[in-house]
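The structure appears right after this line, and notes come after that.
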Amino acid sequence: MVSRVVGAALAHRTVVFLLAAALFAVGLYAAREAPLDVFPEFAPPVVEIQSEAPGLAAEDVEALVTTPLERALGGLPDLTLLRSSSAPGLSVITAIFPYGIDPYRARELVIERLALAAQLLPRGIHPAVAPLASALTTILAIGLRAAPELSPLTLRDAAEWTIRPRLLSVPGVANVVIYGGAVRELQITTTPERLWAVRATLDDLVTAAAEADAAAGSGFLDRAGQRLPTWLDGRVRTAADLAVAPLPGRDGVPVSLAAVAEVGEGPSVPVGDALVNGEPGILLLVFKQPGVNVPAVTRAVEEALRSVVRVLPPGVRVEEAMFRQASFIEHAVGNLRRALLAGAVLVLIVLLLFLGHLRTVLVSVVAIPLSLLAAVAILRAAGATLNTMVLGGLAIAVGEVVDDAIIDVENVWRRLRAAPPGTSAREVVLAACVEVRSAVVYATVMVALVFLPVFLLGGLEGALFRPLATAYVLATLASLVVALTVTPALALALLPGAVARHEEPPRLMRALRARYERALGRALARPLRVVTGSALAILTGIALVPYLQPGADAERVTDAIHREVRAFAGFAFDIKQFLNERIEEILEGTGAALVVRLRGTDLTNLERAAVSVSERVAAVPGAVDVHAPGALTAPGVRIRPRRDDLLRLGVPAIAMERALRSTLGGLP
């Protein structure tokens, strides 16, 4: 089989060269156009449903929002896991589907169930499906800081209405999330005494504010030969427009809102904040879509950001790359390039020193990139991205690719030099390639079979390491095909004439061979000493393994941060690297390395039990940063209405709720 393949390649060298050139061009194009990413999509399809419920306590969110949605989503086709969390004013439900499911189909199934469940939720609560994003979704973190004379309202306006829309228009961006700043809103502040003075109620005030904003089409105005569309431009644009809204007053005489309330612009109630290099500011997180080219999308986002910086208010300072995922990818690609360059240089040095001719170098230098580009072309045709795992597989395969490129050339050179005059060069090349390649074919197949268990892995491990194994196996198989076809053809075309001019092997080769023969003779004469020395070397290596500390610098930095943060009492914290935290959060719903889950029907008692368990686990040696996050046991004020007094006064509970909300948090 090997002899027939090599013989066909030697007989049809022109066809082999043309096909190799075409494969080189296709592989180069695939490498240039392939999307680059940090890691393959290691997470299963995940659909996240977020529901905002302003003013509701965590217990009410669980009972009125989370539970009805969980019941509606239960029983979805192919649903693997349904996970939820309820916090004051927010419900988050995560639906996880098995690997291989089309994420768009999963989203369609969830959206269909949500449409049916929306009527079960309290009025004003609308569940929303989060945008489709990648597992390692954050590609860029942008910081904004303002000069002292610039208000947080202006800074937030610039981020919300100028920067975010421009970044969302960049292809490949899934979402842009803003943290920090002050959200501008029109605020009406009054007191019961001022409302009572004009015999107005809180509901009258809310109705008057809502009816002040009116923008709608009003029909048509027909004139001779012309029809003009008409509309009412009654939008509220400033606080002054809202201040003169009519409010029913005493004896039916209307009064303005400004007569009973203070109307103006102000910041909304903050939910979180952001610091940029130690100063109050705004943080924008840019999320990417799955399967996009991260460096290309990042560069497009950075260009879009620079285009809008010029129109920002004076005094806004922009930190373009507080976190930049593309830098990690560019570093990984740079490492692969250095590995390929080092391999090419080593091949060149070895062949020049041991064979002493540039033509041998040319054959190997052509074979190495051709093998790797062939693997890249196949991966791209299968829809894979060039991520660190794929690049790692290619980098690991460089050793075997280099070996394939050298052994054939060296053996052909040696056989041509030793061949009697008049011997057919084609027969010598065929025999030399078959001599070494027959055994190498079986070795390559065995290496591919070694990776078979990796291909059979499931879950997270399979999603992470399968691309590495695929890239390695494809590169080695491509190298085998190149060694069976392209290398013999190049050797036949380039080497016979060079050998005729260099019959003697290089002096370095002769010297090294003589020394090796003497060393080999001494080793064969003392086999016990050789085996003993080898065993001692292995044991020494094993004993030194515990002293290897990869990531020691990162551990020192983490410990230093722990010492500083522990000085602030009253909160729990954890410090993780971005990738580890993201994997744990997606698969387990939390960023902890070990999670203890408690189940029960009474949420309050359940959270108290969680606190008790966390205290016991914290006493275990080696356990650090143990905490039980819970919304129900957090400090708060619970107000229960006295139903008998409400009945006596004729006041419905909803009126009490509106009064409390307007007093403590404000009505939207």
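The values are calculated or read from the model by the stated rules, or taken from the named source; none is laboratory data. Nothing here was measured: the structure is a model prediction, and the numbers come from that model. Methodologically, a virtual Cβ is constructed for each residue, glycine included, from the backbone with ideal geometry; neighbour enumeration extends over all protein chains shown.
Restricting to the stretch 217-236, and then to whatever is within 47 Å of the chain's Cα centre (by Cα) and surrounded by fewer than 10 Cβ atoms within 10 Å (Cβ to Cβ), can you tell me which residue is farthest from T190 (Cα to Cα)? In this case the residue turns out to be G217. Each residue in the stretch 105-162 was checked for being under 23 Å from the mean Cα position of the chain (by Cα), closer than 25 Å to A63 by Cα and not in a helix (DSSP H, G or I), and 3 of them qualify. S327: without any contact (Cβ under 8 Å) to a residue 40 or more places away in the chain and either in a helix (DSSP H, G or I) or loosely packed, with under 15 Cβ neighbours inside 10 Å (or both), yes or no? In short, yes. Residues of the stretch 506-533 that are in contact with a helix residue (DSSP H, G or I) (Cβ under 7 Å, 6 or more places away or on another chain) and at pLDDT below 85: P506, L508, M509. Kindly indicate whether T66 is among the hydroxyl-bearing types (S, T, Y) and more than 24 Å from R658 (Cα to Cα). No: the conditions fail for T66.
Inclusion of L10 among residues that are part of a helix (DSSP H, G or I), surrounded by 14 or more Cβ atoms within 10 Å (Cβ to Cβ), among the hydrophobic types (A, V, I, L, M, F, W, C) and touching a Pro at 6+ places or on another chain (Cβ under 8 Å) is warranted. The single residue among V398, V350, V434, V376 that is closer than 24 Å to H12 by Cα and of a type in the set (A, V, I, L, M) turns out to be V434. Within the stretch 248-307, if we keep just the residues that are modelled with pLDDT of 85 or more, part of a helix (DSSP H, G or I) and not assigned by TED's automatic domain parsing to the domain that holds E149, the residue that is surrounded by the fewest Cβ atoms within 10 Å (Cβ to Cβ) turns out to be A259. So I368 clears everything in (1) aliphatic (A, V, I, L, M); (2) assigned by TED's automatic domain parsing to the domain that holds Y472; (3) at pLDDT below 80 except one condition, right? Which one? Going through (1) aliphatic (A, V, I, L, M); (2) assigned by TED's automatic domain parsing to the domain that holds Y472; (3) at pLDDT below 80 one by one, I368 breaks only (3). In this structure, does R166 turn out to be more than 20 Å from L312 (Cα to Cα) and in contact (Cβ under 8 Å) with a residue 12 or more places away in the chain? Criteria not met by R166. Every condition in (1) touching an Asp or Glu at 6+ places or on another chain (Cβ under 8 Å); (2) surrounded by fewer than 20 Cβ atoms within 10 Å (Cβ to Cβ) holds for R414 except the one numbered (1). If a residue must be among the hydrophobic types (A, V, I, L, M, F, W, C) and surrounded by fewer than 16 Cβ atoms within 10 Å (Cβ to Cβ), how many such residues does the stretch 18-64 contain? Qualifying residue count, the stretch 18-64: 7.
Which condition breaks for E193 when tested against (1) in a helix (DSSP H, G or I); (2) touching a Ser or Thr at 6+ places or on another chain (Cβ under 9 Å); (3) surrounded by fewer than 16 Cβ atoms within 10 Å (Cβ to Cβ)? Of (1) in a helix (DSSP H, G or I); (2) touching a Ser or Thr at 6+ places or on another chain (Cβ under 9 Å); (3) surrounded by fewer than 16 Cβ atoms within 10 Å (Cβ to Cβ), only one is false for E193: (2). Pairs meeting the criteria (first residue in the stretch 132-153 and farther than 21 Å from S268 by Cα and in contact (Cβ under 8 Å) with a residue 12 or more places away in the chain, second residue among the aromatic types (F, W, Y) and in a strand (DSSP E or B), beta carbons under 8 Å, at least 6 apart or on different chains) are A133/F287; S134/F287; T137/F287; T138/F287; T138/F323; I139/F287; L140/F323; A141/F323.
Within the stretch 28-84, if we keep just the residues that are of a type outside the set (A, V, I, L, M, F, W, C) and assigned to a strand (DSSP E or B), the residue that is nearest to the chain's Cα centre (by Cα) turns out to be E48. Of all residue pairs spaced 6 or more apart or on separate chains, those with beta-carbon atoms under 7 Å, a first member in the stretch 356-374 that is not charged (D, E, K, R) and a second member that is not in a helix (DSSP H, G or I) are G356/H502; G356/P506; H357/H502. In the set (1) out of contact with any Lys or Arg (no Cβ under 9 Å at 6 or more places or on another chain); (2) within 30 Å of T470 (Cα to Cα), V311 fails one condition alone, (2). Within the stretch 444-467, being in contact (Cβ under 8 Å) with a residue 24 or more places away in the chain and assigned to a loop (DSSP other than H, G, I, E, B) holds for one residue alone: G458. Among residues of the stretch 203-229 that are under 30 Å from R661 (Cβ atoms), those with a beta-carbon under 6 Å from a residue that is of a type in the set (G, A, S) and at pLDDT 85 or above at least six positions away or on a different chain give the pairs A208/A245; A212/A245. Against the list (1) under 30 Å from A384 (Cα atoms); (2) in contact (Cβ under 8 Å) with a residue 12 or more places away in the chain; (3) touching a Gly at 6+ places or on another chain (Cβ under 9 Å), the condition M509 fails is (1).
Across the stretch 87-132, the qualifying residues are those that are at pLDDT 85 or above and among the polar types (S, T, N, Q), and the one among them that is surrounded by the most Cβ atoms within 10 Å (Cβ to Cβ) is S91.
Among the residues making up the stretch 163-190, those that are of a type outside the set (A, V, I, L, M) and either part of a loop (DSSP other than H, G, I, E, B) or over 18 Å from G266 (Cα atoms) (or both) are R164, P165, R166, S169, P171, G172, N175, G181.
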